[in-house]
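Reviewing the structure listed below.
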Amino acid sequence: MKGDTNSAGPRQGESPFNAPEYDFSVATVPRHFYMIASTPRAGGTYLAQCLWRTGIMGAPHEYFGFYSTLLQMSARLQARTLVEYFNRLLPLRTSANGVFGIKTHFDHLQFMMLAGILERLERLTVIAIERRDTLAQAVSHARALQTNQWTSLEGVAQRAPEYDPKLIAWCQNHLAAQRQGWRDFFAKNGLSPIAVDYDDFLADPDATTRGIVERARFPDAPVSPTSLPETTPQSDALNAEWIERYRSETAADAQP
């Protein structure tokens, strides 16, 4: 990778991986494409970093996340159109073995289809990660929406999160719709993704990563030297408190 990773930290809500020091040092034309199909707070970002560290799975990131990375990266690359952005981005974030990866949520996928971007990712391999504990996922999502702190590497939260059962319920519905959207997309396009379970992945990230690499069957050389900062889990006692409180309140509301 280019440059020194000990640069000033990102602003709140901005991913450090948008910076030029995470571009590959040699521009490469992509020949193999894959997509991590995820939903917010389902481990997709951590999975992307694990794959990135292999040196043969590109540099998967939310390149078409239109609220943040797309705007920040296109400004950095001085791209005036989506075509320019796409053409300037790919050589910088394709590993030396010709692999380019992206991490997407379902709303990103919808944008990519409308913008004609998805069709440019030829012979796309899909990796789908899901989280069984959907309430824990919704609580984590509700908290991140309030703080705008999506990973441990981003700036310190400026707002203290507050328990909000209506927001948690909204997150449950929103995440359920995204999960169903992915399933419909896979069925409509005859796709059989490489399935990843969130809990199994967290229990043994290395084994999960090796399994994905083996199933993807991309070239295993040459390897691009890769150095990424370590992320740490954000879930803590506050998440557990909100989960139990929400369960208690919804159980009480269900009583006749």
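Since every read-out is calculated from the coordinates, none of them should be taken as a lab result. Quantities reported herein were computed from a predicted structural model and do not represent experimental measurements. Backbone-built Cβ (ideal geometry, glycine too); neighbour counts: all protein chains shown.
Note the full-extension length gain between Glu230 and Asn148 as 0.36 nm times their separation in residues minus their Cα-Cα distance, in nm to one decimal. Provide the component values of the computation, followed by the final result.
Working: separation 82, 0.36 × 82 = 29.52 nm, distance 1.94 nm.
Separation in residues times 0.36 nm, less the Cα-Cα distance, equals 27.6 nm.
Quote the relative contact order of the chain in percent (integer), defining contacts as alpha-carbon pairs under 8 Å separated by 6+ residues.
After rounding, I find 28 percent.
So what's segment 115-205 giving for Rg/Rh, alpha carbon basis, Kirkwood Rh from the mean inverse pair distance?
Dividing the radius of gyration by the Kirkwood radius yields 1.03.
For Glu119 and Asn87 in the same chain, what is the full-extension length gain: residue separation times 0.36 nm, less their Cα-Cα distance, in nm?
Between Glu119 and Asn87, full extension yields 10.1 nm more.
Calculated from DSSP H runs of 4 or more alone, at -39500 (n - 2.57) each and per residue, what is the 222 nm mean residue ellipticity of the chain, nearest 500?
-13500 deg cm²/dmol
In nm, to one decimal, how far is the Glu249 label point from the Asn173 one, both placed 7 Å along Cα→Cβ?
For the pair Glu249/Asn173, the computed spacing is 1.6 nm.
Label-point separation (nm) for Tyr67 and Asp206, each offset 7 Å from Cα along Cα-to-Cβ?
Going from the Tyr67 label point to the Asp206 one covers 3.6 nm.
Hey, can you grab everything whose amide H is under 5 Å from the amide H of Val196? Only 5+ residues off in sequence or another chain; H modelled, so Pro and N-termini drop out.
Residues meeting the criterion, in which the H sits 1.01 Å from N, are Ala128, Ile129, Glu130.
Where does helix 82-92 land angle-wise versus the long Cα axis of the chain, in degrees 0 to 90, nearest 10?
Helix 82-92 sits at roughly 70 degrees to that axis.
Would you mind calculating the gained length between Thr134 and Ala221 on full extension (0.36 nm times residue separation, minus the Cα-Cα distance), in nm to one decimal?
27.5 nm
In degrees, nearest 10, range 0 to 90: what is the angle between the Cα axis of helix 205-216 and the longest Cα principal axis of the chain?
50
Say a site is exposed when it is one of the GluC sites (Glu not before Pro), sits in a DSSP loop, and has at most 11 other Cβ atoms within 10 Å; what is then the longest site-free stretch of the chain?
It runs 1-121.
At a Förster distance of 41 Å, what's the computed FRET efficiency of Ala27 paired with Phe186, Cβ-Cβ distance as r, to 0.05?
Taking R0 as 41 Å, the efficiency between Ala27 and Phe186 is 0.80.
Which net charge results when you count Lys and Arg as +1 and Asp and Glu as -1 among the other residues whose beta-carbon is under 10 Å from that of Thr125?
+3
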